[in-house]
């Protein structure tokens, strides 16, 4: 079709004469392109609105957390200001009451207990066996060695995650070598991976090491916690 060609548009209705309109091809194309542009604009607008809505929710959550932290800091600051006022008064009775309060809080913290069931988490689906596990000092980190044995028929693949269990029962994931901690074995494989020490943590702060082995579907098939005193080699 040339630019001067026209399209015939025929409209027929009951009890009415037939109407015929002639429309230039260029106008028809313009109308078609305009519809496509409007659809694309609507889609981009919906995507942009959804994206900004998600960001708004994230900002609301961050704002709520920040307000909570500010509130806790204000309470702590007010308490310190009260302590400062008591010390400035040089009143022996108030100072003795302050020391008694601090002693009671210290005893309360000392009496806090650790749930050993949460520390010594264990799971074994009898699909894989860990043996000869050892941990050695290596520079600024630790070197982990152990053997994996496949207990099922065929090839078993998955990943091993390593966690530090601190003396206060805090669990911190250890950063190891991904190529060593991932596996695909038929019978046996030896693992030898460096582990980095978390920032601000020394070896004496760590109570145990936890292994979590998962298959390719992300399902945990083996979990065991090893006290450092039993696995740390000199």
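The values are calculated or read from the model by the stated rules, or taken from the named source; none is laboratory data. These figures come from a predicted structure and were not determined experimentally. Neighbour counts run over all protein chains shown; Cβ positions are idealised from the backbone, glycine included.
Brief remarks on what is shown
- Hey, residue 22 loosely packed, with under 10 Cβ neighbours inside 10 Å, at pLDDT 70 or above and either touching a strand residue (DSSP E or B) at 6+ places or on another chain (Cβ under 6 Å) or part of a helix (DSSP H, G or I) (or both) or not: yes
- Taking the numbered list (1) part of a helix (DSSP H, G or I); (2) modelled with pLDDT of 60 or more in turn, residue 114 passes all entries but (1).
- Look at (1) closer than 16 Å to residue 133 by Cα; (2) out of contact with any helix residue (DSSP H, G or I) (no Cβ under 8 Å at 6 or more places or on another chain) and you find that residue 200 fails only one, number (1).
- Selection of segment 212-226 for residues being touching a residue at least 40 places away in the same chain (Cβ under 8 Å) and closer than 12 Å to residue 158 by Cβ yields 212, 213, 214, 215, 216, 220, 221, 222.
- Within segment 16-33, one or more residues are more than 35 Å from the chain's Cα centre (by Cα) and more than 27 Å from residue 5 (Cβ to Cβ).
- Residue 133 surrounded by 10 or more Cβ atoms within 10 Å (Cβ to Cβ), modelled with pLDDT of 70 or more, touching a helix residue (DSSP H, G or I) at 6+ places or on another chain (Cβ under 7 Å) and under 30 Å from residue 179 (Cβ atoms): yes
- Positions within segment 194-207 being surrounded by 14 or more Cβ atoms within 10 Å (Cβ to Cβ) and over 23 Å from the mean Cα position of the chain (by Cα), in sequence order: 205, 207
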